[in-house]
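FYI, it's all coordinate maths here, none of it is from the lab. From a predicted model like this one, the values you see are computed outputs, not experimental measurements. With ideal geometry, Cβ positions are generated from the backbone for all residues, glycine too; neighbour counts draw on all protein chains shown.
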Amino acid sequence: MSSLKSYDSKDQLVKYTVDHSLRLTDVQKRLNEETLKHARYAMLGAPEVLQLNANIMKTMGAKKVLDVGVFTGSSSLSAALAIPPDGEVHALDISEEYTSIGKKYWSEAGVSHKIHLHIAPASNTLQKFIDEGQAGTFDYVFIDADKPNYDNYYEQCMILVHAGGVITFDNTLWDGSVLDLSDQTADTVALRKLNVKLRDDQRIDISFLNIGDGFTMCFKK
Ligand SMILES: C[S@@+](CC[C@H](N)C(=O)[O-])C[C@H]1O[C@@H](n2cnc3c(N)ncnc32)[C@H](O)[C@@H]1O
């Protein structure tokens, strides 16, 4: 008798899809290898999520990108490789220590000139961009920093992104914790509230994908 379920776990299916799609440059592979040796390696963005971001940036011809939460620079590198030579990735983080790891790889990949690193709380940097008159000038945003501030980043990015632009969020399933109502930690509560808000927000079209740790894409109308 044939079985529809010829796999043991969801992890196997995820590995299969990654094995059959992932394309990383040598520099990206080396940055990921170094990051995996870092004590906080679990913060590294899922490569299949970064690849989806990059593919959509290429398809839409994105030139001005926001990377909110840089860590060792994998998401910034992936975005910088996807945009044209005169494109800009504005990379926002509070940590000199984490982000300095990525700089060598950005340089080796020949994209340092496209990556503008802003070391400050992301909400301050986003507000500075708004105050400088950059509203409606960004094409694509990847939000992957502190979870309790996701909604603040969303509202600021809704100002900074033009109609037709895209705002994406990593970790929107939070290892399944969003389903566990006994989990009332600040991160989980913030993600749960955001997921409801995005579902109902008529300013956007939405896709909520069960890849990585949950990935939500908001297409601004
Ligand atoms: C999950 S990691 C980012 C991973 C990265 N996007 C990648 O693809 O590898 C989260 C990052 O958010 C940064 N972060 C935390 N709070 C922040 C804040 N208030 N403003 C800006 N960055 C913050 C942390 O320093 C950390 O580097």
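Taking the residues in segment 116-157 that are of a type in the set (A, V, I, L, M) and free of Cβ contacts under 8 Å to residues at least 40 places away in the same chain as candidates, determine which candidate is farthest from the ligand (Cβ to nearest atom).
Here the answer is A135.
Can you name the residue in segment 178-193 that is in contact (Cβ under 8 Å) with a residue 12 or more places away in the chain and in contact with a Ser or Thr (Cβ under 7 Å, 6 or more places away or on another chain) and is also farthest from D67 (Cα to Cα) among such residues?
V178
Identify, please: which residue in segment 105-115 is assigned to a helix (DSSP H, G or I) and under 18 Å from the mean Cα position of the chain (by Cα) and is, among those, farthest from the ligand (Cβ to nearest atom)?
Applying the filter and picking the extreme gives K114.
Output the qualifying pairs, or none if there are none: Cβ atoms under 6 angstrom, residues six or more apart or on different chains, first residue in segment 99-113 and closer than 15 Å to D67 by Cβ, second residue away from the ligand (no atom under 15 Å from the Cβ) and in a helix (DSSP H, G or I).
Once the first residue is closer than 15 Å to D67 by Cβ and sits in segment 99-113, its partners that are away from the ligand (no atom under 15 Å from the Cβ) and in a helix (DSSP H, G or I) give W106/S112.
Enumerate the pairs (first residue in segment 27-56 and without any contact (Cβ under 8 Å) to a residue 12 or more places away in the chain and at negative phi; second residue anywhere and among the polar types (S, T, N, Q) and part of a helix (DSSP H, G or I)) with beta-carbon separation below 8 Å, excluding pairs fewer than 6 apart on the same chain, so at least 6 apart or on different chains.
Listed pairs, sorted by first residue: Y41/T35.
With G164, G102, G176, G133 as the choices, which residue is in a loop (DSSP other than H, G, I, E, B) and either closer than 30 Å to K29 by Cβ or out of contact with any Gly (no Cβ under 6 Å at 6 or more places or on another chain) (or both)?
Result: G133 is the single residue among G164, G102, G176, G133 that is in a loop (DSSP other than H, G, I, E, B) and either closer than 30 Å to K29 by Cβ or out of contact with any Gly (no Cβ under 6 Å at 6 or more places or on another chain) (or both).
Any idea how many residues of segment 77-99 are farther than 10 Å from L117 by Cα and of a type outside the set (A, V, I, L, M)?
Of the residues in segment 77-99, 9 are farther than 10 Å from L117 by Cα and of a type outside the set (A, V, I, L, M).
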